[in-house]
Amino acid sequence: MRTVVIGGTGHIGTYLVPHLVETGCEVINISRGQRQPYQPHSAWKHVQSIVIDREAADKAGTFGDQIRDLRPDVVIDNKCYTVDSARRLVEALRGQVQHLIVCGTLNLVISKLCRKINCLEIYAYLPENSHRQ
Ligand SMILES: NC(=O)c1ccc[n+]([C@@H]2O[C@H](COP(=O)([O-])OP(=O)(O)OC[C@H]3O[C@@H](n4cnc5c(N)ncnc54)[C@H](OP(=O)(O)O)[C@@H]3O)[C@@H](O)[C@H]2O)c1
């Protein structure tokens with residue numbers, strides 16, 4: 001699967017991206033190019049990295065289209081902090097990808113985001129249990 005990971009060099013991406021490569025995904029990382037993963041991994045040789053500043057691209061109204069134009073099957077978003085930003089990405093990707101997965105803290109922002117976008121399900125993975133809203 002062609003998988004775009006937004007913010008793939010952070011805490012989660014350091015482990016997620018090599019795992020995706022090892023399971024056969026073609027991975028594209030989107031970041032500002034300022035951070036390196038916490039630890040090296042040979043899988044990164046197979047990852048295409050594209051420098052985009054999401055905040056700047058969101059302001060310019062281009063971010064969603066830039067991600068869509070990469071023709072991903074799956075988009076994993078580790079860098080979604082506002083409802084507007086989420087909405088723009090959903091609108092650009094609707095009907096174009098198989099999955100849009102947003103990783104974030106399960107709090108009021110995410111809950112509001114899901115209600116406003118009206119297309120997401122929340123899966124909360126907690127140490128002792130997992131549940132779905
Ligand atoms: N880590 C945790 O323990 C934890 C716990 C609960 C929830 N979460 C949530 O999970 C999500 C991912 O967390 P994380 O810990 O992996 O995040 P993180 O370590 O802060 O990683 C941020 C990633 O986003 C990139 N980035 C930062 N600003 C950007 C921008 N303006 N445009 C494009 N890319 C940008 C960074 O690379 P560059 O700096 O090079 O751009 C990096 O790849 C977040 O929503 C976080 O709130 C994390």
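The values are calculated or read from the model by the stated rules, or taken from the named source; none is laboratory data. Quantities reported herein were computed from a predicted structural model and do not represent experimental measurements. With ideal geometry, Cβ positions are generated from the backbone for all residues, glycine too; neighbour counts draw on all protein chains shown.
Out of 51, 74, one residue alone is surrounded by fewer than 14 Cβ atoms within 10 Å (Cβ to Cβ) and either in contact with a His (Cβ under 9 Å, 6 or more places away or on another chain) or at pLDDT 95 or above (or both). It is 51. Checked against the criteria, residue 83 does not count as at pLDDT below 95 and near the ligand (Cβ under 9 Å from one of its atoms). Looking only at residues of the stretch 27-40 that are over 16 Å from residue 77 (Cα atoms) and touching a residue at least 24 places away in the same chain (Cβ under 8 Å), we find that the one that is nearest to the ligand (Cβ to nearest atom) is 35. Taking every residue in the stretch 46-66 that is under 14 Å from residue 88 (Cβ atoms) and of a type outside the set (Ser, Thr, Tyr) and pairing it with any residue that is near the ligand (Cβ under 8 Å from one of its atoms) and part of a strand (DSSP E or B), at least 6 positions away or on another chain, the pairs with Cβ-Cβ distances below 6 Å are 52/30. Remark: residue 26 falls outside the filter, which requires a residue to be surrounded by fewer than 15 Cβ atoms within 10 Å (Cβ to Cβ) and either among the aromatic types (Phe, Trp, Tyr) or modelled with pLDDT of 95 or more (or both).
Is one or more of the residues making up the stretch 2-15 more than 17 Å from residue 103 (Cβ to Cβ), in contact with a Cys (Cβ under 8 Å, 6 or more places away or on another chain) and more than 8 Å from the ligand (Cβ to nearest atom)? Scanning the stretch 2-15, I find at least one residue that is more than 17 Å from residue 103 (Cβ to Cβ), in contact with a Cys (Cβ under 8 Å, 6 or more places away or on another chain) and more than 8 Å from the ligand (Cβ to nearest atom), so the answer is yes.
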